[in-house]
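I have placed the structure first, in the form of structure tokens, so that the comments after it can refer back to it.
The values are calculated or read from the model by the stated rules, or taken from the named source; none is laboratory data. Everything numeric here is computed off the predicted structure, so don't read it as measured data. Here the Cβ positions follow ideal geometry from the backbone for every residue, glycine too, while neighbour counts run over all protein chains shown. What goes into the accessible areas is simple: the full protein's heavy atoms, side chains included, and nothing from ligands, DNA or RNA. Shrake-Rupley method; radii C 1.70, N 1.55, O 1.52, S 1.80 Å.
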Amino acid sequence: MLGPVILAASRSDKMRRFISAAPGTKQVVGRFIAGETVEQVVPIIEDAAGKGLEVTMDVVGEDITTPEQAAAARDAYLELVGRLKDLGLGTKAEMSVKLSMFGQSLPSPAPTPNGEPSGLAPAFPGGHELALANVRPVVEAAAEIGTTVTLDAEDHTTLDSMFAIHEELRKDYPQTGCVIQAYLFRTEEDARRLAAAGSRVRVVKGAYKEPASVAYQEKAEIDKAYVRILRTLMDGEGYPMIGSHDPRLIAIAQELGRKAGRKLDEYEFQMLYGIRSEEHIRLAAEGHRMRVYTAYGTDWYGYFMRRLAEKPANLLFFGRSILTKG
């Protein structure tokens with residue numbers, strides 16, 4: 001019952017201000033956010049590589065309101081690529097991006113009947129084309145150092161644009177990945193379409209507040225859909241990425257991989273930084289590819305609240321920290 005409440009709070013400016021100012025927040029946020037700057041996360045990337053782990057890096061922040069903020073997000077990722085190049089970690093670290101951070105949700109100028117901007121529309125380009133223009137140089141830079149980019153899924157209204165950008169980027173950079181969410185009704189069809197040779201697809205349960213008209217609401221139904229989708233991906237010709245901390249789903253994924261005749265390096269597991277760290281090491285020791293989703297940056301609020309919503313028990317930890325610090 002707490003999950004939807006927490007997700008609603010993730011969009012509240014009032015709650016953002018309250019939680020950001022709470023005395024115990026920094027301690028709890030540090031459990032999920034690796035740092036605020038590239039330099040702070042470099043030792044974490046190096047440590048993971050030393051343990052046989054790989055990472056996917058996420059510069060947090062998504063609620064942008066101007067093209068200038070979208071350009072700054074692009075530049076933050078380009079800075080990250082530069083540091084990965086300097087460290088020689090291109091093959092161990094990929095990047096995850098949210099297209100909303102690159103301007104996907106900004107409005108586009110309204111055309112007149114002759115195709116020209118009306119003059120009444122905003123004076124800047126926006127939306128789908130802006131996001132594509134901003135993410136492309138990141139994908140290009142990643143390819144140059146031997147790594148790639150995965151497009152994160154956001155709420156269901158953004159997905160048609162995300163998949164179209166994914167398709168466009170794959171024309172030149174076929175290793176570009178995308179994320180699908182098991183709780184959405186549409187995802188089983190998306191999985192069938194994406195389970196093709198060369199594709200890289202991360203399947204997650206889903207972490208946005210979605211209406212019953214488009215998404216399963218009960219955990220049992222979501223889990224069943226996750227298994228059906230995972231079977232489609234394992235039986236396909238692409239590269240599945242299992243985004244889950246659920247021991248049961250991890251075991252099922254291993255069994256589906258075995259039945260599909262996949263070697264251990266023909267799929268991978270992905271888990272969040274700060275959650276089940278010992279399991280990261282165990283899976284890597286067994287020979288699995290294990291990638292740690294590692295977020296950093298200053299605009300952490302939306303990401304942090306979704307982590308609480310995924311596991312409301314973390315809210316108790318958060319509450320105790322606030323009371324202790326208070």
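A few notes on this one:
- Once the gyration tensor of the Cα atoms in segment 150-193 is diagonalised, the equivalent ellipsoid follows with semi-axes of 18, 11, 9 Å, ordered largest first.
- In Å², nearest 10: area of R258 left accessible to a 1.4 Å probe: 150 Å²
- Subtracting the Cα-Cα distance of D246 and K51 from 0.36 nm times their residue separation leaves 68.0 nm of extension gain.
- Think of a 1.4 Å ball rolled over the protein heavy atoms: segment 182-279 then has 47 Å² of accessible area per residue.
- Where GluC sites (Glu not before Pro) fall in DSSP loop in segment 264-299, at most 15 other Cβ within 10 Å: E286
- Estimated at the nearest 10 Å², the accessible area of S213 is 90 Å² with a 1.4 Å probe.
- Segment 134-242 shape via C-alpha gyration tensor axes, a/c threshold 1.5: prolate
- Annotation note: chymotrypsin sites (Phe, Trp or Tyr not before Pro) in segment 128-209 located in DSSP loop regions with a Cβ neighbour count of at most 14 within 10 Å are F185.
- Figure note: T56, T65 ranked by solvent-accessible area, largest first, 1.4 Å probe, ligands and nucleic acids not counted: T65, T56.
- Using C-alpha pairs below 8 Å separated by at least 6 residues, the relative contact order for segment 175-260 is 34 percent.
- For segment 166-227, the set of GluC sites (Glu not before Pro) satisfying both a DSSP loop assignment and a count of at most 14 other C-beta atoms within 10 Å is given as E218.
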